[in-house]
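Quick notes on the structure that follows.
Rule-based calculations on the coordinates, nothing more; no lab input. Note that the structure is predicted; figures quoted are calculated from it, not measured. All Cβ positions, glycine included, derive from the backbone under ideal geometry; neighbour counts span all protein chains shown.
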Amino acid sequence: MTAGSQPCPSSNQSHTISNQSVFDTIVIGSGIGGLVTATQLAAKGASVLVLESYIIPGGSSGYFEREGYRFDVGASMIFGFGTEGTTNLLTRALEAVNVSLETIPDPVQIHYHLPGDLELKVHREYENFLQELTAHFPEQGQGIRKFYDECWKVFNCLNAMDLLSLEELGYLTRVFFQHPLACLGLVKYLPQNVGDIARKYISDLKLLKFIDMECYCWSVVPADKTPMINAGMVFSDRHYGGINYPVGGVGKIAQKLVEGLEKAGGQILYKARVGKILVEKGKAVGVQLVNGKEYRAKRIVSNATRWDTFEKFLPADQMPAAERKWQQRYQKSPGFLSLHLGVKADVLPPGTECHHIVLEDWENMEDAEGTIFVSIPTLLDPNLAPEGYHVFHTFTPSWMEDWQGLSPRQYENKKEEAAGCLIERLETIFPGLDAGLDYMEVGTPRSHRRFLNRMDGTYGPIPNRKLMGLLGMPFNRTAIPGLYCVGDSTFPGQGLNAVAFSGFACAHRIAVDLGF
Ligand SMILES: NC(=O)c1ccc[n+]([C@@H]2O[C@H](COP(=O)([O-])OP(=O)(O)OC[C@H]3O[C@@H](n4cnc5c(N)ncnc54)[C@H](O)[C@@H]3O)[C@@H](O)[C@H]2O)c1
Ligand SMILES: CC(C)=CCC/C(C)=C/C=C/C(C)=C/C=C/C(C)=C/C=C/C=C(C)/C=C/C=C(C)/C=C/C=C(\C)CCC=C(C)C
């Protein structure tokens, strides 16, 4: 979304908030992490108020409409909509508040276009994927199978048990007695990263680069810094529950959760920007909006990033030691330069897949504007664009620093130039893209900061050195009594299914704390 353009109006305008003096819980932000916390608590009978600064719910999983196109703001490759097991957390979150969403299965997770003619597709069918990858690295066939089979071990442990708060002793004891082997399996993998495990089985350097890319394209760090638990989820669930796109666009997930929240008695207020968390006698007791209005609750949950929570909502100079430590271990990932395009349908040859990753030189994988991501959701749900056209969302990592200190004219020119470069590079995969353009909206980390309130427009936290898997990622409670965090700056990190887990865990911990 252009930083200068007006957001589209929503039918869900501000609601009147019931005159309750103290809510059980206030949730700051209606990203998927915040909404799952809110719906879980409302379903248990808690009184919940969600305060969202924007005009619609969803945060990075929101949408906007322009000239007949419906664009996903950020998230587009959706895990968690499976029908079986326990890891289908988006399906479960909707069910908990008696709503549901129709989804369309995506037969291929990603079509990779990588250096050295490494062209391959990650098929929904596991064996087809292994076969296609092995055809590129015939000598490494056994290693490939052993590596991905080890990822399944992690997934099978997770998919055997209810997924709730790891900060709650009652749950941990119960789950350990019910599934001792699965728990021990997870304990083993929690401190591990993908790179070490991949190198046990794989020696070919180009194949190891491919594993780096398999991690980078969702964790924005290479295999050595990517936690094995998360890779177990991503590399297996794509073949188990699969990647499924919600009919009507990604924005529908948040809209449905809000519908469920309200049915369960919870409330949401839009255009309600929190400026401050109120702390009395060392305990979080409420929030103050930037317009001065105050709301109070027994528990406060922040779905904003940890940087926003502890540097903006609370005095930065009184940051708890645990948060300072976290900031030494994790840094902000880059944001994205995003092009939301409307494209003539004949640009895409028959058989084009929905998601693509493009990289011309391995050296550039982690660089700003190195790896290119493409999502074309109209290949699954054609109703998101006018007839004869496609929605084409392409994005590439980009740092806030590169977009600061520019005059409005310089900013617009830089965006145009960057968009031109991206389109030119994509012409090799989609010839005729430039000529087929019908609509273009360019977003930068500044747009993400403005519309999503994410500090520096970041995609989320990344380890700033090799850490011990997921061990360094905080759960939901914070050093301030009564204050919890949820979303991608809590365990287990980025990803809609990951933040949904964070929401389940946060709501469970609060429900126990409040005696629900
Ligand atoms: N950021 C991206 O570009 C991007 C792209 C793809 C996927 N994703 C995914 O999106 C997910 C993020 O989910 P999440 O739940 O952690 O958070 P989120 O960033 O999606 O949602 C946070 C919400 O809090 C609101 N908010 C922030 N500050 C506020 C304030 N002061 N007052 C009121 N509301 C405020 C924001 O408007 C937003 O709706 C991650 O899984 C990530 O992987 C993000
Ligand atoms: C008791 C005892 C002894 C012990 C205990 C142990 C235990 C129980 C443990 C447990 C653990 C757990 C539960 C864990 C959990 C985890 C989880 C849930 C995880 C999840 C994850 C997920 C993820 C990571 C996801 C992700 C995704 C993503 C990020 C995506 C993205 C995408 C994008 C960016 C796009 C791309 C592309 C294109 C467009 C092409």
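Given a Förster distance of 22 Å, report the FRET efficiency between Ala322 and Arg465 from their Cβ-Cβ distance, rounded to the nearest 0.05. Before the final figure, lay out the partial values.
Numbers: r = 19 Å, r/R0 = 0.84.
According to the calculation, E is roughly 0.75.
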What is the dipole size for the range 332-455, taken about its Cα centre, with +1 at each Lys and Arg Cβ and -1 at each Asp and Glu Cβ, in debye to the nearest 20? 680 debye
Cα centroid of the range 335-361 to Cα centroid of the range 386-411, whole Å: 14 Å
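If eta is 1.567 mPa s and T is 4 °C, what Stokes-Einstein diffusion coefficient results for the range 332-455, Kirkwood Rh from Cα pairs, in µm²/s? Write down the numbers at each step before the final one.
On the way: Rh = 15.2 Å.
Translational D for this selection: 85 µm²/s.
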Violating pairs (Cα-Cα greater than 20 angstrom) within the set Lys153/Lys188; Lys276/Lys332; Lys312/Lys332: Lys276/Lys332
Cut-off 11 Å between beta-carbons: net charge of the residues surrounding Pro377, Lys and Arg +1, Asp and Glu -1: -2
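Ranked by Cβ crowding within 10 angstrom, fewest neighbours first, how are Phe392, Phe451, Phe516 ordered? Write down the numbers at each step before the final one.
On the way: Phe392 30, Phe451 21, Phe516 14.
With the fewest neighbours first, Phe392, Phe451, Phe516 line up as Phe516, Phe451, Phe392.
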Contact order normalised by length for the chain, with contacts defined as Cα pairs under 8 Å and 6 or more residues apart; what percent is it? 25 percent
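When a/c reaches 1.5 or more, the comparison of a/b and b/c decides; with that in mind, is the chain rounded, prolate or oblate per its Cα gyration tensor? Could you put the intermediate results ahead of the total?
Working: a/c = 1.57, a/b = 1.19, b/c = 1.32.
Oblate, since a/c reaches 1.5 and b/c is not below a/b.
Sorting check: for 265-274, 175-184, 71-80, which peptide has the highest mean count of neighbouring beta carbons within 10 Å, and how do the rest follow? Walk me through the intermediate numbers first.
On the way: 265-274: 19.5, 175-184: 13.9, 71-80: 24.4.
Those peptides, ordered most packed to least, come out 71-80, 265-274, 175-184.
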Rank by packing, highest mean first: peptides 464-471, 92-99, with packing defined as the count of other Cβ atoms within 10 Å averaged across residues. 92-99, 464-471
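Give me the number: length gained by fully extending Asn291 to Lys146, i.e. 0.36 nm times residue separation minus the C-alpha to C-alpha distance, one decimal in nm.
Values: separation 145, 0.36 × 145 = 52.20 nm, distance 5.70 nm.
Fully extending the segment from Asn291 to Lys146 adds 46.5 nm.
Which net charge results when you count Lys and Arg as +1 and Asp and Glu as -1 among the other residues whose beta-carbon is under 14 Å from that of Asn303?
Working: positive: Arg273, Arg299, Arg306, Lys312, Arg454; negative: Glu52, Asp308, Asp488.
Here the charged neighbours net out to +2.
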Using +1 at the C-beta of Lys and Arg and -1 at the C-beta of Asp and Glu, which of Val154, Gly85, Ile480 has the Cα lying farthest in the positive direction of the dipole of the chain? Ile480
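What percent antiparallel are the DSSP beta bridges of the chain, to the nearest 5?
Values: 49 of 69 bridges.
About 70 percent, rounded to the nearest 5.
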Could you let me know the centre-to-centre spacing of the range 416-445 and the range 477-512, using Cα atoms, in angstrom? 37 Å
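If the only charges are +1 at each Lys and Arg Cβ and -1 at each Asp and Glu Cβ, what is the size of the charge dipole of the chain around the Cα centre, to the nearest 20 debye? Spell out each step's value before the answer.
Working: 48 positive and 57 negative charges, 496 e Å.
The calculated dipole for the chain is roughly 2380 debye.
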How many angstrom lie between the Cα centre of the range 65-101 and the Cα centre of the range 200-268? 12 Å
Within 15 Å, Cβ to Cβ, of Gly292, how many net charges do the neighbouring residues add up to if Lys/Arg are +1 and Asp/Glu are -1? +4
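Given the rule -39500 (n - 2.57) for each run of at least 4 DSSP H residues, summed and divided by the residues of the chain, what is its mean residue ellipticity at 222 nm, to the nearest 500 deg cm²/dmol?
Working: 14 runs with 173 residues, N = 516.
Rounded to the nearest 500, the figure is -10500 deg cm²/dmol.
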May I ask for the Kirkwood hydrodynamic radius of the range 125-241, worked out over all distinct Cα pairs and given in angstroms to one decimal? 15.0 Å
